[in-house]
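Report on one structure; see the data block that follows.
None of the figures in this text is laboratory data; all of them are computed from the coordinates on show. Keep in mind that this is a model prediction, so the values were computed, not measured. Note: ideal-geometry Cβ built from the backbone for every residue, glycine included; neighbour counts use all protein chains shown.
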Amino acid sequence: MAEVVVVKFGGGLITNKSKLCTPMLETIDNLVEVIDRIINCGLKVIVVHGAGSFGHLRAKYWRLNEGMVEDHKFAPQIDCQNQYQAVSLVRKDMLTLNSIVCDAFTKRGISTRSLPPHQWAKNTGSNFSGEISTRFAAAEDVIVTFGDVVDCDIGEFGILSGDDLVVRICRDIPQVSRLVFAVKGVDGILSKPPNVATDEDLIHEWSPSVSYSGVHDTDIDVTGGIALKANRGAEVASMGIEVVIINGEKPERLFDACLGKSTRGTRILDK
């Protein structure tokens, strides 16, 4: 079995997070080109992508991360009257974004298998229910999954983050050697807010005992931003798997990180 690399495309990297359902097509193509090169180096790749503007904006308005909210009177939108319709629309939008990502692979002659979580996963957090090992052991060049709205035992539904998905994938597939988070706008975890940080403020190695500055857009994001990536990355690092956060707008860094080469970014340690 070939060595496996798990790559997380941040939702803010592959979409314009401020405009509903707006993909960044050039960025997606650049990322796919790198994955093509990685495959040609003999590695198996699993891609997990975020939701960005295809999920967070509507999910935030309808508070889908909280599950069914009984005591709140939502003002209906033109195309959505209640939380149940919002769940359906977000799932549909995520399938659209997933198709855009998979189509970019297809154009390069790369076969993909898409695994929408709402079809096979239940509950949220990194200990969600859902069989991984067999489902992700497919013959296609790239397996693609994504953050999604899933059914839950409590609250009826909730948001299963792509950052939670990567933990279970790394835990349940023994051939995974490294996990790479490709994010937008920053080189990794910073010791100061991004708007004032300089090149010297990049934290090259981070563990849960190290303080840092992270920007989490609570007006849009319904997951945990960079903090969730850092914490989930530490979970994966505790399994003996190399974890790196890099700037996904720098394709060569993604390539080097996936091959285990030294590159600018933040390496996540478990302690």
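So if I place +1 on the C-beta of Lys and Arg and -1 on the C-beta of Asp and Glu, and nothing else carries charge, what would the dipole magnitude of the chain be about its Cα centre? I want it in debye, nearest 20. The partial results should precede the final answer.
Working: 29 positive and 35 negative charges, 45 e Å.
About 220 debye.
Near LYS271, which lysines are there with a Cα under 18 Å away, not counting those fewer than 8 places off in the same chain?
By straight Cα distance, LYS271 reaches LYS229.
Taking the highest mean first, how do the peptides 54-67, 250-263 order by number of other beta carbon atoms within 10 angstrom per residue? Could you put the intermediate results ahead of the total?
Details: 54-67: 21.6, 250-263: 18.1.
Ranking the peptides 54-67, 250-263 by packing returns 54-67, 250-263.
Say the cut-off is 20 Å between C-alpha atoms; which of LYS184/LYS250; LYS17/LYS92; LYS8/LYS184; LYS17/LYS192 go over it? Mind showing how you got there, number by number?
Numbers: LYS184/LYS250 9 Å; LYS17/LYS92 17 Å; LYS8/LYS184 12 Å; LYS17/LYS192 23 Å.
From LYS184/LYS250; LYS17/LYS92; LYS8/LYS184; LYS17/LYS192, over 20 Å: LYS17/LYS192.
Between ASP29 and LYS60, what's the calculated FRET efficiency when r is the beta-carbon distance and R0 is 22 Å? Round to 0.05.
Details: r = 28 Å, r/R0 = 1.27.
That pair, ASP29 with LYS60, gives E of 0.20.
In a shell of Cβ-Cβ distance under 11 Å around ALA139, excluding ALA139 itself, what net charge do Lys and Arg (+1) and Asp and Glu (-1) give? Mind dumping the intermediate values first?
Details: positive: LYS44, ARG113; negative: GLU140, ASP141.
So the surrounding residues net to 0.
Taking the alpha-carbon distance from LYS73 and a cut-off under 18 Å, which lysines remain once sequence neighbours fewer than 8 residues away in the same chain are dropped?
Result set, ordered by chain and number: LYS60.
Grab the DSSP H runs of the chain that are 4 residues or longer, score each as -39,500 (n - 2.57), total them, divide by all residues and round the 222 nm result to the nearest 500 deg cm²/dmol.
On the way: 7 runs with 82 residues, N = 271.
Mean residue ellipticity, 222 nm, calculated: -9500 deg cm²/dmol.
Sort out for me the Cα centre separation of region 243-271 from region 1-59, rounded to whole Å.
The two parts, judged by their Cα centres, are 15 Å apart.
Under the classification rounded if a/c is under 1.5, otherwise prolate if a/b is larger than b/c and oblate if not, where does region 61-166 fall, given a ≥ b ≥ c as square roots of the Cα gyration tensor eigenvalues?
Values: a/c = 3.43, a/b = 1.60, b/c = 2.13.
It is oblate, given that a/c is not under 1.5 and a/b is not larger than b/c.
Compute the distance in nm between two label points, each set 7 Å from the Cα along the Cα-to-Cβ direction, one at ILE78 and one at LEU20.
0.7
Compare the peptides 166-175, 73-82 by average per-residue count of other Cβ atoms within 10 angstrom and give them in order, highest first. Show your work: numbers first, answer last.
On the way: 166-175: 19.7, 73-82: 10.3.
Order by mean packing, descending: 166-175, 73-82.
Find the centroid of the Cα atoms in region 63-90 and in region 120-183, then give the distance between the two in whole Å.
24
Just name one of LEU202, GLN85, LEU115: the one whose Cα is farthest towards the positive end of the charge dipole of the chain (beta-carbon charges, Lys/Arg +1, Asp/Glu -1).
Going by the charge dipole, the pick is LEU115.
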